[in-house]
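Scroll down for the structure; my scribbles are underneath it.
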Amino acid sequence: MGIAHHEVNFDSITFEDSAICIDLPNKKQITVVSIYRPPHGLIDTAELNRIFCSNSQVICFGDFNAKHSSWNIGRSNRNGHLIYDWVNNNNFSIIAPQQPTYFSSSYALNATLDFAVVKNISAAEAVAINALPSDHNPV
């Protein structure tokens, strides 16, 4: 027995993404998107709008390469401000681990770049797991 789902394609230009729509037994659906945003350039909120308009419940998670003081230790960046403002203007939520997810050779550059943006999901928690020999911890 599997989970009923189908693939969703958002034709993103600025994000790398992989998405599915889970078909729940009560005829509801949840769109789940794994995302990677390269570190250079600005986040296109129009692309986020396409993802979040796809369904009444959406979970979009991954490496946004965005820093903001509401989820990140240390300095914010322009993409962090863009995401923060966009999330607040749309009444969505950011779910981020309390510990950094990216580790630099310079401790001062450690950051929480990996988090989730959720729409109409009330119970969620993010935890970074130190499980890989990488500069990023999975969440």
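The values are calculated or read from the model by the stated rules, or taken from the named source; none is laboratory data. All values reported here derive from a predicted model rather than from experimental measurement. Cβ sites come from the backbone with ideal geometry, for glycine too, and all protein chains shown count toward neighbours.
Between 73, 95, 83, the distinction of being of a type in the set (Val, Ile, Thr) and in contact with an Asp or Glu (Cβ under 9 Å, 6 or more places away or on another chain) belongs to 95 only. Scan region 109-117 and give yes if some residue there is modelled with pLDDT under 85, touching a His at 6+ places or on another chain (Cβ under 7 Å) and of a type in the set (S, T, N, Q), otherwise no. No.
Identify the residue in region 1-45 that is under 14 Å from the mean Cα position of the chain (by Cα) and among the small types (Gly, Ala, Ser) and, among all such residues, is nearest to residue 65 (Cα to Cα). The extreme case among them is 34. Quickly run through region 110-139 and pick out the residues that are over 20 Å from residue 32 (Cα atoms), in contact with a Lys or Arg (Cβ under 9 Å, 6 or more places away or on another chain) and aliphatic (A, V, I, L, M). Once the filter is applied, which keeps residues that are over 20 Å from residue 32 (Cα atoms), in contact with a Lys or Arg (Cβ under 9 Å, 6 or more places away or on another chain) and aliphatic (A, V, I, L, M), region 110-139 yields only 111.
When 71, 86 are checked against the criterion of being out of contact with any Lys or Arg (no Cβ under 8 Å at 6 or more places or on another chain) and more than 30 Å from residue 5 (Cα to Cα), a single residue qualifies: 71. The set of residues in region 1-60 that are hydroxyl-bearing (Ser, Thr, Tyr) and touching a Pro at 6+ places or on another chain (Cβ under 9 Å) contains only 14.
Taken over region 1-35, the residue count meeting the criterion of being surrounded by 17 or more Cβ atoms within 10 Å (Cβ to Cβ) and farther than 13 Å from residue 51 by Cβ is 1.
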